[in-house]
Amino acid sequence: MTATDPTGLSPASRRSVQLSSSDQSAWIVRDEVDGGWVLQIGGVEQSHVDLADPTRLVHEYLRRMGNVLDQVWPARAPISIAHLGGGALTLARYVQATRPGSPQLVIEIERELPTLVTTALPMPRGTDLQLVIGDAREELAALTDRTFDAIVLDVFSGDATPGHLAGRDFFEEALGRLERNGLLLVNVGDDAGQRFVTSQVRELEQATAERGLSGVWTLTHAPLLTTPADGNMVLLAGGALSSPQVEQWRAAWKAAGPHPAAVLDPVETNRVFARTDRRRR
């Protein structure tokens, strides 16, 4: 299959590849508004990269994730982090910029994507990045001798999400690969009605209970909690959230935005999504 250029840009300003797993076209195109670069897959924007300033996170959910990492560990301290789903490696670039020398693992199912991304948009100098091609669940399970300070799950796309990456069993497995004070960060994108994110909260709540953890935190655009529109929510779980500093972190996460921001603790998360459950019936 031949990729069709959706951009109208000159050959010198674009890169593309056909992805074998999804059979979709991936493009790296210039953002003519802000001078950054955009990864499009199937004509839909997936990632944004600012090569001049990797700490600039344009997508709201990534900015919230960056804020979380900034608070949970001391500034500039390296952390071990696994990214399940690579995209344009935006968060990996952020981690290298803010925590130089952090050992990072990326598991990406699209074999051609990392080469496209790193050729068109080179990683910051000194990045310690291991790339594994394959299914996120299978490859994470195969790393039997490794645990991580943080695991980021960013493979969700509403109803298209692979079922084996969206259930309690997988969340339990991911939580089990964390250090004692580690953190799982899950990006959940959903359509209006928020059926999928509601199910994800319930599955992750069950997984945290099985692991003896405190529950699920939620970071999102505040209006999404009162109007079930489409959008992204970041779910957090892990031993790090039992820290006595968690309320201090919460205040910092909310203050950092993007605004209007909402940060829900486990009790509030349970209550909000119980209400969403009732609206669906």
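Of all residues in segment 136-152, one or more are in a helix (DSSP H, G or I), among the basic types (Lys, Arg) and free of Cβ contacts under 8 Å to residues at least 60 places away in the same chain.
Checked against the criterion of being modelled with pLDDT of 95 or more and closer than 23 Å to Val58 by Cβ, segment 125-139 contains one or more residues that satisfy it.
Scanning segment 198-224 for residues that are buried (at least 21 other Cβ atoms within 10 Å of the Cβ), touching a residue at least 40 places away in the same chain (Cβ under 8 Å) and of a type in the set (A, V, I, L, M) turns up Val201, Val216, Leu219.
Yes/no matrix, rows are residues, columns are (1) within 19 Å of Gly86 (Cα to Cα); (2) in contact with a Leu (Cβ under 9 Å, 6 or more places away or on another chain); (3) part of a helix (DSSP H, G or I):
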| residue | (1), (2), (3) |
| --- | --- |
| Glu172 | no, no, yes |
| Leu184 | yes, yes, no |
| Asn187 | yes, yes, no |
| Ala192 | no, no, no |
| Phe196 | no, no, yes |
| Leu204 | no, yes, yes |
| Thr208 | no, yes, yes |
| Gly212 | no, no, no |
| Gly215 | no, yes, no |
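Between Ala77, Ala82, which is part of a loop (DSSP other than H, G, I, E, B), modelled with pLDDT of 95 or more and out of contact with any Asp or Glu (no Cβ under 8 Å at 6 or more places or on another chain)?
Working: Ala82 fails: part of a loop (DSSP other than H, G, I, E, B).
After ruling out the rest, the residue left standing is Ala77.
The condition (being closer than 20 Å to Asp265 by Cα and among the β-branched types (Val, Ile, Thr)) is satisfied by just one residue among Val186, Val155: Val186. Please pick out the residue among Thr98, Thr90 that is hydroxyl-bearing (Ser, Thr, Tyr), surrounded by fewer than 21 Cβ atoms within 10 Å (Cβ to Cβ), closer than 28 Å to Thr147 by Cα and modelled with pLDDT of 95 or more. Only one candidate passes the filter, namely Thr98. Filtering segment 240-256 to residues that are surrounded by 13 or more Cβ atoms within 10 Å (Cβ to Cβ) and among the charged types (D, E, K, R) leaves Arg250, Lys254.
Residues in segment 257-271 that are surrounded by fewer than 18 Cβ atoms within 10 Å (Cβ to Cβ), part of a helix (DSSP H, G or I) and in contact (Cβ under 8 Å) with a residue 24 or more places away in the chain: 3 in all.
The values are calculated or read from the model by the stated rules, or taken from the named source; none is laboratory data. Keep in mind that what you see is a predicted model, and the values were worked out from it rather than measured. For neighbour counting, all protein chains shown are included, and Cβ atoms are generated from backbone atoms with ideal geometry for every residue, glycine included.
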